[in-house]
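Only the coordinates and a few stated rules stand behind these numbers; no lab work does. What you see is a predicted model, and the numbers here were worked out from it, not measured in a lab. Positions of Cβ are generated from backbone atoms using ideal geometry, with glycine treated the same way; all protein chains shown enter the neighbour counts.
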Amino acid sequence: MLSFFLRRAGEGVIVMLFVTIITFFLVNLAPGGPAVMMRMDMTAEQRDALARRLNLDQPVHLRYASWFGNAIRGDLGRSVNDNRRVNEIIGQRLPVTLNLTFWSLLVAVAIGVPLGVAAAVWRNGPVDYAASVLSVLGLAIPSFWFALLLILLFSVTLGWLPSSGMRSVGVGFDVVDRARYMVLPVTVLATSALPFMVRYTRSAMLSVIAEDYVRTARAKGVRERGVYFVHAFRNALIPVVTQVGLLIARLIGGAVVTETIFGWPGMGRLAVEASNGRDFTVIMGLTVVIASVVIVTNLLVDLAYGLIDPRVRHA
Amino acid sequence: MPDIDPALQRAPARSGVRLAARRFARNRGSLVALMFLIFVHVAVVVGPVFVQHAPERTSPRNALLPPGPVHLLGTDELGRDHLARLLHGGRVTLAVGLFSMVVSLVVGTVVGSVAAFFRGTLEALLMRFTDAMMAIPSFFLVLVAITVLGNSPAMVVLVIGLTSWMVVARVVYAEVLTYRTREFVNAAEALGARQMRLIVRHVLPMTVPSLIVSATLGVAFAILIETAISYLGLGIQPPVASWGNMLQNAQQYIWLSPMLAVWPGVLTMLTVLAYNLVGDGLRDALDPRTAR
């Protein structure tokens, strides 16, 4: 188990290296350099000084090396455009996005897994049919449009829920107030993950139900409920847990749209702002943080295998 | 030479395709979806011929008109004909979807088959690269790439294609790994076929069924990405219409003309839905083992 985990952690480090290299060279392809370089109110000397401060006179691989050296010591540098520390900027935004993705994932799992199990148990029945219609629609609906429809219905027409923001102005921390602001964004983001949970749980359950040991359990007289929940479900969980790990990247990507529409000051909106402002250091910082979240989640998923499946522990 | 019924002669080569087509046709949902897709594609290609209005021509006096005999679906906030914009926007959105899929299919096939065929360092490098690309949320990467590289339609296609090939690469990689040790490949190798020929003539054709499925699902994915970035104002730029950027301003005028917000969204959703259903139907038809 330990060697398995260490090998996966090592792979994670290599993936991280690739990710930063891809993004670094991508953002450095930009014609004209960072957005501040194109400000009209600077003299040629100021421009040169700025270029030197940003090390733009060095070749790109050296700049990557110095960026990497700082990043590995936990220093993501300063924003090109407003000179604030990137660690600080992202530190403010990260909790917002984690909050949004955590609840969305929780909702998607809490609804998707039971629905997938039910669809597999009553295969080709009305529940299965409803689940498949729901997941097909969920996969096809553009999330920004779904958000528009929800805002139109619940905020504009019914007036039940706020259409943007994270809390009421002038109200201190209040669980009910926060929850009201979370309903729509979490619904939108959870809807993008739900179909995957339903489909994977269903097909994992179906393939497990077809196994010999399930037939054996039935043959020796285990009740149907016992067959499904003790013998089948535990084994079906493994591919489902993998799927949770893969969904993290999708959810963080979806957070870009969701946060922008609902006006949440998270990393997704920061990504839009930083891209528009060609703020290299902020983009690189976001890349590191987002990739870390994805890689660490997938490592945790690998650990979870060991808890669910003793075979992995002894491998 | 004995007389052989020409239909019989051709039968073996075609039976696979014909069987798959029959299995596909049995799936009513996929069949309806396929007909819808054909309808939408024909409509956006041929439709503009029948609509007199130019999609980019503004006419402030005729802004936000309700549907009527002159403007069948009404006009938007700048007085542009909504039907004309829907059809032209559909051209752009569907073309971006299709071409992005082609890019991702080509890149994914090359990466996957090269990794599987030339094992060792190259394989490790390529597959870790694939993992790395999967670890960055593709929407984030698209966003950064488009703001850096520009947002002409061709660049949008390239960026979406270059950020969505990883699933194809994984599928091709897995399939090539299983097929390259099969007897027919060994036989071809024993006959002296070069590596290139082995891949292109003997192994890759076996992956075509999976590629077809990946392709249909890939178009759906690319359409969703394009509409989302264009909605955010970073993708296809007005005055060129796309189903995504048509929704950009719809939010403001949702009370006056709610249908402005409805049509592009409904069409996007139905098209993506149809591509997904056709993809699912093809998967079941091409590989009966996975039929549920």
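Could you list the chymotrypsin sites (Phe, Trp or Tyr not before Pro) in segment B:118-185 that lie in coil according to DSSP, counting only those with at most 14 other Cβ atoms within 10 Å of their Cβ?
Details: sites: B:PHE118, B:PHE129, B:PHE139, B:PHE140, B:TRP165, B:TYR173, B:TYR179, B:PHE184; in loops: B:PHE118, B:TRP165.
Passing both the DSSP loop test and the Cβ count: B:PHE118.
Over all Cα pairs of chain B, how is the pair count split among 5 Å bins, expressed in % and running from 0 up to the last occupied bin?
Per 5 Å bin, starting at 0, the Cα pair percentages come out as 1, 5, 10, 13, 13, 13, 12, 10, 8, 6, 4, 3, 2, 1, 0, 0.
Can you list which of the chymotrypsin sites (Phe, Trp or Tyr not before Pro) found in segment B:205-289 are DSSP loop residues with at most 14 other C-beta atoms within 10 Å?
Working: sites: B:PHE221, B:TYR231, B:TRP243, B:TYR253, B:TRP255, B:TYR275; in loops: B:TRP243, B:TYR253, B:TRP255.
Hits after loop and neighbour filter: B:TRP255.
Which residue, B:ASP131, B:ASP81, B:ASP280, has the most motion in a Gaussian network model of chain B that connects Cα atoms within less than 10 Å?
Result: B:ASP131 has the largest fluctuation of those listed.
For chain A, what relative contact order do you get, as a whole percent, if you take Cα pairs closer than 8 Å and at least 6 residues apart?
Details: 338 pairs, mean separation 88.7, N = 315.
28 percent.
Go from 0 up to the bin containing the longest alpha carbon distance in segment A:176-231, width 5 Å each, and give me the % of pairs per bin.
4, 16, 16, 12, 11, 9, 10, 9, 7, 4, 1
Let me check I have the definition right: for segment A:71-228, take the eigenvalues of the Cα gyration tensor, multiply each by 5, take square roots. What are those semi-axes in whole Å, largest first? Can you show the working numbers first?
Working: eigenvalues 327, 105, 43 Å².
Ellipsoid half-lengths, sorted descending, are 40, 23, 15 Å.
When the expected Rg is taken as 2.2 N^0.38 Å, what fraction or multiple of it is the alpha-carbon Rg of segment B:67-184? Don't skip to the end; give the middle numbers.
On the way: Rg = 20.2 Å, N = 118, 2.2 N^0.38 = 13.5 Å.
Cα-based Rg divided by the globular estimate yields 1.50.
Tell me, what are the semi-axes, in whole angstrom and largest first, of the equivalent ellipsoid of chain A as set by the roots of 5 times the Cα gyration tensor eigenvalues? Intermediate results must be reported in sequence, preceding the final value.
Working: eigenvalues 376, 147, 45 Å².
Sorted largest first and rounded, they come to 43, 27, 15 Å.
Most fluctuating residue of A:ARG39, A:ARG93, A:ARG218 in a GNM of chain A with Cα springs under 10 Å: which is it?
Top of the fluctuation ranking is A:ARG39.
Can you work out the FRET efficiency for the pair B:MET155 and B:ARG57, with r the C-beta to C-beta distance and R0 = 22 Å, to the nearest 0.05?
Values: r = 26 Å, r/R0 = 1.18.
Taking R0 as 22 Å, the efficiency between B:MET155 and B:ARG57 is 0.25.
How shielded is A:17-26 by partner chains, expressed as the average number of their Cβ atoms within 10 Å of its Cβ atoms?
Rounded to a whole number, the mean comes out at 4.
Quick one: which residues, 5+ away or cross-chain, put their amide H under 5 Å from the amide H of B:LEU65? H built at 1.01 Å from N.
Amide H neighbours of B:LEU65, under 5 Å, 5+ apart: B:THR75.
Sticking to Cα atoms, compute the Rg of segment A:213-301 to one decimal and its Dmax as the biggest Cα-Cα distance, whole number, in Å.
Using the Cα atoms of segment A:213-301, the pair Rg, Dmax is 21.0, 67 Å.
To the nearest whole percent, what portion of all C-alpha pairs in the protein assembly as shown is separated by more than 43 angstrom? List each step's numbers first, then the result.
Details: 48903 of 183921 pairs.
When all Cα pairs of the protein assembly as shown are counted, 27 percent exceed 43 Å.
Once you treat every alpha carbon in segment A:250-315 as an equal point and sum by Debye, what is log10 I(q)/I(0) at q = 0.12, 0.26 Å⁻¹?
Debye intensities relative to I(0), on a log10 scale: -0.44, -1.07.
Rg/Rh for segment A:103-188 to two decimals, with Rh computed the Kirkwood way over all alpha-carbon pairs. Don't skip to the end; give the middle numbers.
Working: Rg = 16.1 Å, Rh = 14.9 Å.
Expressed as Rg/Rh, it is 1.08.
Please report the base-10 log of the normalised intensity I(q)/I(0) for segment A:29-108, using a Debye sum with one equal scatterer per alpha carbon and no solvent, at each q in 0.15 (1/Å).
Here log10 of I(q) over I(0) equals -0.72.
Strictly greater than 17 Å: what percent of every Cα pair in segment A:136-266 meets that?
Details: 5703 of 8515 pairs.
Tail fraction, whole percent: 67.
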